[in-house]
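J.: Pasting in a structure now, in structure tokens, and then I'll have a few things to ask.
The values are calculated or read from the model by the stated rules, or taken from the named source; none is laboratory data. As the structure is a prediction and not an experimental result, all values here were calculated from the model. Note that each Cβ is placed from the backbone with ideal geometry, even for glycine, and that neighbours are counted across all protein chains shown. The protein model used for the area step is the full one, side chains on, heavy atoms only, and it has no ligands, DNA or RNA in it. Shrake-Rupley method; radii C 1.70, N 1.55, O 1.52, S 1.80 Å.
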Amino acid sequence: MRAIVLSGGGAKGAYEIGVWKALRKLHYSYDIVTGTSVGALNAALMVQRDYLKAVWLWYHMDYRVIFGRDFDAKEALGDKNIIAGYAKNFFRTGGMDIQGLESTIDRCLKIKKFYRSPIDFGLVTVRFPSLKPVIMTKNMIPKDQLKDYLVASASCFPAFKMKNIEEESYFDGGFYDNLPINLAIEMGATEIIAVDLEAIGRKRRVRAKGIPITIISPRNEIGSFLIFEKEITRRGIRLGYNDTMKTFQELDGNLFTFKKGHLQKNYEEYAPEFFETLDKLLNSDDNNSSLIDKILHLSAYKRLLNKETKRKTFDHIIEKLGKILLLPDDKIYDIFSYNELLKEKFHETATDSFEELEEAILKKSLWLVRDSNRVVHYIYYQITKEECNMKQTSIYNLAILFPEEFMASLYLKTLLIR
């Protein structure tokens, strides 16, 4: 029996809908869904098989959906101010009232459809003030209290108010188990696909042995769990889909996503020239043998020159460059358009001003060097000037000080000489 386990994570829950989209694409069926907090809400929709409703809900997610009105702090600049807005409401009223969420659940939850579904369900919440976990499965939850327990599991106290059920108070199940894998196993799961949003909360050690567990987690930052903005949640859906397809090896990449087989094509086309350029640096006949030795002892270059990790490290370099040049990380690329975009972004951000950077390097104040884009431009300039003289002491020092930016610059050089 296959179980889907969905963690809590507030606004990050959009990612789980992207995972569901990918599982549908892969024709993965499931018999059990367990969840905590927002994971419980998404799990209920998975039990109902209401995929389109889930996509619509998260595609239009904002503060009005959760609170029934705009959030007072949403116009403030920066996450810290928004978090301060939650804190302010806690001290005033004991937390935000999530009437909007309750109304949304009313619209999305179909009691008959839920209970008639052959897919089993489980959730986790916590009773207050005893702080004892309350673990409920489908057959334990009274039909007229299903919505209440879903809200209870998702009541992220102290940001949100606690939920009262029959004169008892409940709050977010993440305080006990934010990734209820053990619950799924107790319900009979023999195979598990778990989505860990890596949000605040406690994760219990898996007690059972020998059960295959596939963990899917965000490979990129997907936003704060308390910031409900449409563009952020829509991006989360895309990333959830991409990461799942990569987990099951239907797409390539790690931080970025590429069509299957494209990274191998890229390696075959560009790696020979890349390593030829690197070889010129490492096999110099000048008087910098001590600096070359330092380069060879850096772990980044060790991985690049190790036969077993060579290809993986080369792929990491091109993704590192994409991050430095701020390429969108939620798209599915073919490698050719990705490389063209790298070149475009590099030229768009070109600069001739390196005085501050050079001063920081001379003073060995590397903590001041925060702009990796500028570092890549500077290194590229150094390795291409004077007819690509790769034997300058400054080049060796840059290779030691900025190993990832240096390798990214070498890759750019390989692209741009074509």
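J.: Find the relative contact order for the range 156-225 and round it to a whole percent, using C-alpha pairs within less than 8 Å whose residues are 6+ positions apart.
T.: Working: 75 pairs, mean separation 19.9, N = 70.
Contact order relative to length: 28 percent.
J.: Specify the angular offset, from 0 to 90 degrees and rounded to the nearest 10, of the alpha carbon long axis of helix 14-25 from the longest principal axis of the alpha carbons in the chain.
T.: Result, in degrees: 90.
J.: In the full protein assembly as shown, how much of Ile193 is accessible to a 1.4 Å probe, in Å² to the nearest 10?
T.: Ignoring ligands and nucleic acids, Ile193 comes out at about 0 Å².
J.: For a quick check of your reading of the filter: which trypsin sites (Lys or Arg not before Pro) in the range 271-364 sit in a DSSP loop and have no more than 10 other Cβ atoms within 10 Å? All intermediate terms of the calculation are to be shown ahead of the outcome.
T.: Working: sites: Lys280, Lys294, Lys302, Arg303, Lys307, Lys310, Arg311, Lys312, Lys320, Lys323, Lys331, Lys343, Lys345, Lys363, Lys364; in loops: Lys307, Lys331, Lys363, Lys364.
Sparse-neighbourhood loop trypsin sites (Lys or Arg not before Pro): Lys307, Lys363, Lys364.
J.: Placing unit charges on C-beta atoms (Lys and Arg positive, Asp and Glu negative, everything else neutral), compute the dipole magnitude of the chain about its Cα centre in debye, rounded to 20.
T.: That gives the chain a dipole magnitude of about 1580 debye.
J.: Still on this structure, I have one more. May I ask which of Lys203/Lys331; Lys203/Lys310; Lys112/Lys161; Lys265/Lys320; Lys320/Lys413; Lys294/Lys385 have a Cα-Cα span longer than 26 Å here?
T.: Working: Lys203/Lys331 31 Å; Lys203/Lys310 35 Å; Lys112/Lys161 28 Å; Lys265/Lys320 18 Å; Lys320/Lys413 15 Å; Lys294/Lys385 24 Å.
Pairs exceeding 26 Å: Lys203/Lys331; Lys203/Lys310; Lys112/Lys161.
J.: Estimate the FRET efficiency between Lys280 and Leu416 by the formula 1/(1 + (r/R0)^6), using the beta-carbon distance for r and 22 Å for R0, to the nearest 0.05. Provide the component values of the computation, followed by the final result.
T.: On the way: r = 17 Å, r/R0 = 0.75.
E between Lys280 and Leu416, to the nearest 0.05, is 0.85.
J.: Suppose R0 equals 41 Å; then what is the FRET efficiency for Tyr28 and Arg204 from their Cβ-Cβ distance, rounded to the nearest 0.05? Spell out each step's value before the answer.
T.: Numbers: r = 24 Å, r/R0 = 0.60.
Step by step, r from the Cβ atoms, then E = 0.95.
J.: So if we plug the beta-carbon distance of Ser103 and Leu131 into 1/(1 + (r/R0)^6) with R0 = 35 Å, what FRET efficiency do we get, rounded to 0.05? Mind showing how you got there, number by number?
T.: Numbers: r = 29 Å, r/R0 = 0.82.
Once rounded, the FRET efficiency stands at 0.75.
J.: Another question, then. Evaluate the relative contact order of the chain (contact order divided by residue number), counting alpha-carbon pairs under 8 angstrom at least 6 apart; express in whole percent. Please list the in-between numbers first.
T.: Values: 692 pairs, mean separation 73.9, N = 418.
Relative contact order of the chain: 18 percent.
J.: OK, next. If you take the square roots of the eigenvalues of the alpha-carbon gyration tensor of the range 265-386 and sort them as a ≥ b ≥ c, do you get rounded (a/c under 1.5), prolate (a/b over b/c) or oblate?
T.: Values: a/c = 1.76, a/b = 1.09, b/c = 1.61.
In terms of gyration-tensor shape, oblate.
J.: Let me ask something else. Please report the antiparallel percentage of DSSP beta bridges with both residues in the chain, rounded to the nearest 5. Can you show the working numbers first?
T.: Working: 14 of 35 bridges.
So the antiparallel bridges in the chain amount to around 40 percent.
J.: Can you give the convex hull volume per residue for the Cα atoms of the chain, as a whole number of Å³?
T.: On the way: hull volume 72.9 nm³, N = 418.
Roughly 174 Å³ of hull volume per residue.
J.: May I pose another question? Where the centre of each part is set by its Cα atoms, how far does the range 107-176 sit from the range 283-357, in angstrom?
T.: 48 Å
J.: For Lys259, go through the aspartates and glutamates and keep the ones whose alpha-carbon is under 19 Å away, minus same-chain ones fewer than eight residues off.
T.: Asp243, Glu250, Glu268, Glu269, Asp315, Glu319, Asp329, Asp330, Asp334, Glu340
J.: Could you tell me which of Ser103, Phe314, Tyr270 has its Cα farthest along the dipole of the chain towards the positive end, charges placed at Cβ (Lys, Arg +1; Asp, Glu -1), taken about the Cα centre?
T.: Sorting the options by dipole projection puts first Ser103.
J.: So, by mean Cβ neighbours within 10 angstrom, what's the order for 112-123, 373-384, 3-14 with the highest one leading?
T.: Numbers: 112-123: 17.2, 373-384: 20.4, 3-14: 28.7.
Packing proxy ranking, top to bottom: 3-14, 373-384, 112-123.
J.: Once ligands and nucleic acids are excluded and a 1.4 Å probe is used, how much of Ser299 is accessible, expressed in Å² to the nearest 10?
T.: It works out to around 70 Å².
J.: Which percent of the accessible heavy-atom area of the chain goes to carbon and sulfur, probe 1.4 angstrom? Could you put the intermediate results ahead of the total?
T.: Values: 10270 of 20250 Å².
Its accessible area is 51 percent carbon and sulfur atoms.
J.: Further, regarding this structure: Looking only at Glu221, Glu269, Glu167, which one moves most when the chain is put into a Gaussian network model with springs between Cα atoms under 10 Å?
T.: Looking only at Glu221, Glu269, Glu167, the largest GNM fluctuation is found for Glu167.
J.: Let me ask something else about it. Charges only on Cβ, +1 for Lys and Arg, -1 for Asp and Glu: so what's the dipole of the range 258-327 about the Cα centre, in debye to the nearest 20? Provide the component values of the computation, followed by the final result.
T.: On the way: 13 positive and 11 negative charges, 111 e Å.
In debye, rounded to 20, the range 258-327 gives about 540.
J.: Expected output is a single nm value to one decimal: the length gained when fully extending between Ser289 and Ala360, i.e. 0.36 nm times separation in residues minus the C-alpha distance. What is it?
T.: Numbers: separation 71, 0.36 × 71 = 25.56 nm, distance 2.50 nm.
Here the segment from Ser289 to Ala360 would lengthen by 23.1 nm.
J.: Could you tell me the accessible area of Phe160 in Å² (1.4 Å probe, neighbours in place), rounded to the nearest ten?
T.: About 10 Å², ignoring ligands and nucleic acids.
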